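Here's the structure we're looking at; comments come further down.
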Amino acid sequence: MNANTEVVDFARRNPHLDSLAGRLPKADDHKEKDEEESCPAFGYLRGIRERALAIELRFRNGNSEWFPYAWLGPWRHDPSVGLLLKFTGDMVTLVLIRGSNLDALVNQSGVNLTDRGLQRHRIVWIREMEEEELRKAKQGEPTIDRIEVAEFESQQEMRAWLNKVAAVFVREDR
C-alpha cells in the first residue's frame, strides 16, 4: 500500500475527517493515462498539443534507432517513393521511409505520418512492417515496407546515394 492510499484510508476511518475524503484523490487517479496511439506502421501522441522529443525507427531485425526532433531538418514526401527525412547532427543522416498511403489519416484521429504527424512532432515511432502485415493491410491503410538510413560527410556522397536509391528526391542543379 502506498502513502496516498494510507492517507485516504485513515481519513475515511475517522468520522471527523470523512468529509475531506471525498476531495482526496481516488486510488487510480494518479495512474498515467495512455498518451500514445498507433496503427501497424507508426505510433503517435494522441493529444493535439503533445510533442515528442524523438522518433524511434524500428527495424524488422529487432534493432532500433532514435533521432531527436531537434535534428530534423527539411523532409520530402513523394507518394511514388515514400518519405525522405534529413537529420543534421554531427553528420547528415538521411532516412528513406518506403511505403504506401503515408499521408492517410488513421484511427479516426486526424493524424497521418506526414503533415499531421511528423510536421507537428507527434510521431513517436515508425516501424518496418512484416511481410504478413503488409499483405493483410486494408485498402488505403499506411504501410511501411522498408526504412533505409545512411550517414554522410559531404554533399557529393549524399547526392550519389540519393541517385542510387531514390533519384526522384535529387534536385537538378540550378
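The values are calculated or read from the model by the stated rules, or taken from the named source; none is laboratory data. Bear in mind the structure is a predicted one, so any value in this text is a computation, not a measurement. Virtual Cβ from ideal backbone geometry, glycine too; neighbours counted across all protein chains shown.
For the range 133-141, does any single residue satisfy the condition of being over 24 Å from N101 (Cβ atoms), of a type in the set (D, E) and either assigned by TED's automatic domain parsing to the domain that holds S64 or outside any loop (DSSP other than H, G, I, E, B) (or both)?
First, pick out the residues of the range 133-141 that are over 24 Å from N101 (Cβ atoms): none.
There is no residue in the range 133-141 that is over 24 Å from N101 (Cβ atoms), of a type in the set (D, E) and either assigned by TED's automatic domain parsing to the domain that holds S64 or outside any loop (DSSP other than H, G, I, E, B) (or both).
Could you please give the count of residues in the range 104-157 that are of a type in the set (D, E) and in contact with a Pro (Cβ under 7 Å, 6 or more places away or on another chain)? I'd like the intermediate steps shown before the answer.
Taking the range 104-157 and keeping what is of a type in the set (D, E), we get 115, 128, 130-133, 141, 145, 148, 151, 153, 157.
Within this subset, residues satisfying the condition of being in contact with a Pro (Cβ under 7 Å, 6 or more places away or on another chain) are 133.
Counting residues in the range 104-157 that are of a type in the set (D, E) and in contact with a Pro (Cβ under 7 Å, 6 or more places away or on another chain) gives 1.
One residue is enough: does the range 148-165 have a residue meeting the conditions over 17 Å from R76 (Cβ atoms), assigned to a loop (DSSP other than H, G, I, E, B) and either in contact with a Lys or Arg (Cβ under 7 Å, 6 or more places away or on another chain) or not assigned by TED's automatic domain parsing to the domain that holds A52 (or both)?
no
Matching residues to (1) modelled with pLDDT of 95 or more; (2) closer than 16 Å to L84 by Cα; (3) out of contact with any Phe, Trp or Tyr (no Cβ under 9 Å at 6 or more places or on another chain):
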site: D115; (1), (2), (3): no, yes, yes
site: H121; (1), (2), (3): yes, yes, no
site: E131; (1), (2), (3): yes, no, yes
site: T143; (1), (2), (3): yes, yes, yes
site: I147; (1), (2), (3): yes, yes, no
site: E151; (1), (2), (3): yes, yes, yes
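Of all the residues that make up the range 115-138, how many are closer than 18 Å to V149 by Cα and buried (at least 19 other Cβ atoms within 10 Å of the Cβ)?
Residues flagged as closer than 18 Å to V149 by Cα and buried (at least 19 other Cβ atoms within 10 Å of the Cβ) within the range 115-138 amount to 7.
Is it true that some residue in the range 102-113 is touching a strand residue (DSSP E or B) at 6+ places or on another chain (Cβ under 6 Å) and either of a type in the set (D, E, K, R) or not assigned by TED's automatic domain parsing to the domain that holds G47 (or both)?
no
So that you can scan it fast, the table gives a plain yes or no per residue for (1) touching a Ser or Thr at 6+ places or on another chain (Cβ under 7 Å); (2) farther than 24 Å from R46 by Cα; (3) not in a loop (DSSP other than H, G, I, E, B):
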site	(1), (2), (3)
N61	no, yes, no
W66	no, no, yes
A70	no, no, yes
K86	no, yes, yes
D90	no, yes, no
T93	no, yes, yes
